[in-house]
Amino acid sequence: MLRVAVVGSGPSGVYTAQSLLQQSVVPGVRVDVLDRLPCPYGLVRYGVAPDHEKIKSLQQNLRAVLEDERITFVGNVEVGARGLTPARLLELYDAVVYCVGAARDRRLGVPGEDLAGSYSATDFVSWYSAHPDAVENAFGGTGGGAGAALGGRSAVVIGVGNVAVDVTRILARGADELRSTDVPDAALRVLELSGVREVHMVGRRGPGQAKFTTKELRELGGLPGARVRVDPADLALDPAYADSSGLPAVNRRNLEVVRGWADAGRGPGAGPEAARVIRLRFFLRPVELLGEGGRVAAVRFERTEPDGSGGVRGTGRYEEIEAQLVLRAVGYQGVPLPGLPFDEARGTVPNVAGRVLRDGAPSPGEYVAGWIKRGPTGVIGTNRPCAKETVASLLADAEALTGRRLVADPLDALRDLGHDPVAWRGWLSIERAESALGLSLGRGRVKIPDWAGLRAAAREDTQGA
Ligand code: NAP
């Protein structure tokens, strides 16, 4: 029998567990899927935007895997805390696969970045996703007021990846459009009173190099209360605008969509004004966030131009865009886990085909999959082949990994260390509590946004059992 711990129950963790069950090389595999939160599904629950119901429904597929009898969900257990070190995990399991993602946002490194009103997009995502670590009322007052964050009329989103598109879309949607989602009630009330009327989404390179995917980009043009504007002068700077034949298909399609919006916005017959405007800007790199009375009031950008090799260089010309809210959507970064090696430059755990490297050599029994293995790129499905590769490495090593005498029953050992694991039925109890909360608010299921609430809901089941 092979006992494996998978750390993290997001897509990469669940796909890793699934690959372990689907193989026939090593019979009798048991997998414990550990998560720091009492809830499973990682970024599918806490990162995928609430209005992306189709992607959210992936939770059903992940659920089917986690409900397999050979898998045990162990929530509310943080590796790296209370003596649960990687070394201790290796005493409890034959193999450990770390699928812990990339939890930190990248910084811009420009003056004014920490002014009030400037946030990482991940803070905003966590807030509207009801992540229990999100700062309560970060974007609005308890009384349901829009507060200072969403009180102003102009917002700047820095970056042109899919996270930038997500936060732009949420800012540009009316709250009514989000009522049927699982967005927390306090966030919904703040969004209802939002004063934001203009959202500028700004890229430092051209539309031909933007990181968003076409489906996500196109969605911005279909929001009922918003209109997209593109400045043709920005596009004209991109050499691919005249000839896009050298671009990868996704970039070419992106450029076509953006070109369509630029054409539609030209001239006096440019269509009706909408409640909100999304302005897509390119070739502008942020150099400073400007404040007034300690709060952000504008972002200063330097105009850039293509350098001929896919990058850009500054031109010494500057432009300011008014903003009472700035969301920095410039990518995620891995976070070191105490006791595991970490490559600071790449923000990943050094590995070869998923095998963790310690001092350049594979460390027996330690593996990685997902963003902590390859960096924060790709869509959810990218994690499937990534997990398969790691599991193939693990299975190739299996003979050498089994046969050791493991020291204890893992769950007892976790409790001995002071952890209070939430089992799958505890999670089901959270689900029921969230449905009841939604019902009491006249909505569908609504997420519980705080640790105390989640833990209390999880315990209800154990008490009743
Ligand atoms: P991303 O795709 O890496 O995009 C980051 C953006 O920030 C790029 O436009 C990048 O520009 C820009 N940037 C980086 N540093 C900058 C700086 N110092 N100044 C100005 N701009 C800067 O990251 P992400 O949007 O966080 O997404 C992470 C991953 O999650 C991606 O693989 C994404 O597709 C995925 N995701 C998918 C969905 C979905 O499928 N619906 C939703 C959310 C996220 P450069 O290109 O010039 O570096």
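So that you can scan it fast, the table gives a plain yes or no per residue for (1) over 25 Å from residue 211 (Cβ atoms); (2) modelled with pLDDT under 95:
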{"site": "382", "(1), (2)": "no, no"}
{"site": "391", "(1), (2)": "yes, no"}
{"site": "404", "(1), (2)": "yes, yes"}
{"site": "416", "(1), (2)": "yes, no"}
{"site": "421", "(1), (2)": "yes, no"}
{"site": "427", "(1), (2)": "yes, no"}
Residue that is nearest to residue 301 (Cα to Cα) [pool: residues in region 158-180 that are surrounded by fewer than 20 Cβ atoms within 10 Å (Cβ to Cβ) and touching a Phe, Trp or Tyr at 6+ places or on another chain (Cβ under 9 Å)]: 162
Sole exception among (1) assigned to a helix (DSSP H, G or I); (2) under 24 Å from residue 278 (Cα atoms); (3) touching a residue at least 40 places away in the same chain (Cβ under 8 Å) for residue 176, by number: (3)
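Based on this model, can you work out whether residue 203 counts as buried (at least 22 other Cβ atoms within 10 Å of the Cβ), under 23 Å from residue 319 (Cβ atoms) and in the same structural domain as residue 298 (by TED's automatic domain parsing)? First the steps, then the outcome.
Numbers: buried (at least 22 other Cβ atoms within 10 Å of the Cβ): yes; under 23 Å from residue 319 (Cβ atoms): yes; in the same structural domain as residue 298 (by TED's automatic domain parsing): yes.
Yes, satisfied.
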Meets criteria (within 14 Å of the ligand (Cβ to nearest atom) and assigned by TED's automatic domain parsing to the domain that holds residue 241) for residue 375: no
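Give the residue that is farthest from residue 57 (Cα to Cα), with candidates limited to residues of region 373-390 that are without any contact (Cβ under 8 Å) to a residue 12 or more places away in the chain and not in a helix (DSSP H, G or I). Don't jump to the end; show me each part of the working.
If we filter region 373-390 for residues that are without any contact (Cβ under 8 Å) to a residue 12 or more places away in the chain, which is where we start, we get 377-378, 381-382, 385.
Subsequent filtering for residues that are not in a helix (DSSP H, G or I) retains 377-378.
Working: 377: 21, 378: 19 Å.
That would be 377.
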Has region 61-78 got at least one residue that is open to solvent by 10 Å² or more (accessible area, probe 1.4 Å) and closer than 22 Å to residue 334 by Cβ? yes
Would you list the strands (runs of 3 or more DSSP E) that sit entirely within region 34-153 and hold 2 or more residues that are more than 25 Å from residue 384 (Cβ to Cβ)? 118-120
What number of residues in region 91-116 are within 16 Å of the ligand (Cβ to nearest atom) and either of a type outside the set (Asp, Glu) or buried (at least 19 other Cβ atoms within 10 Å of the Cβ) (or both)? 14
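Quick grid of which residues meet (1) in a loop (DSSP other than H, G, I, E, B); (2) among the basic types (Lys, Arg):
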{"site": "252", "(1), (2)": "no, yes"}
{"site": "255", "(1), (2)": "no, no"}
{"site": "258", "(1), (2)": "no, no"}
{"site": "263", "(1), (2)": "no, no"}
{"site": "299", "(1), (2)": "no, no"}
{"site": "308", "(1), (2)": "yes, no"}
{"site": "313", "(1), (2)": "no, yes"}
{"site": "327", "(1), (2)": "no, no"}
Mind listing just one residue for me: the one in region 349-372 that is open to solvent by less than 10 Å² (accessible area, probe 1.4 Å) and outside any loop (DSSP other than H, G, I, E, B) and, of those, nearest to the ligand (Cβ to nearest atom)? 372
Is one or more of the residues making up region 230-239 within 22 Å of the chain's Cα centre (by Cα), in a helix (DSSP H, G or I) and within 16 Å of the ligand (Cβ to nearest atom)? no
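The values are calculated or read from the model by the stated rules, or taken from the named source; none is laboratory data. Everything quoted here is computed from the prediction, not taken from an experiment. Cβ: placed from backbone, ideal geometry, glycine included. Neighbour counts: every protein chain shown. Only protein heavy atoms, including side chains, enter the accessible area calculation; ligands, DNA and RNA are left aside. Shrake-Rupley method; radii C 1.70, N 1.55, O 1.52, S 1.80 Å.
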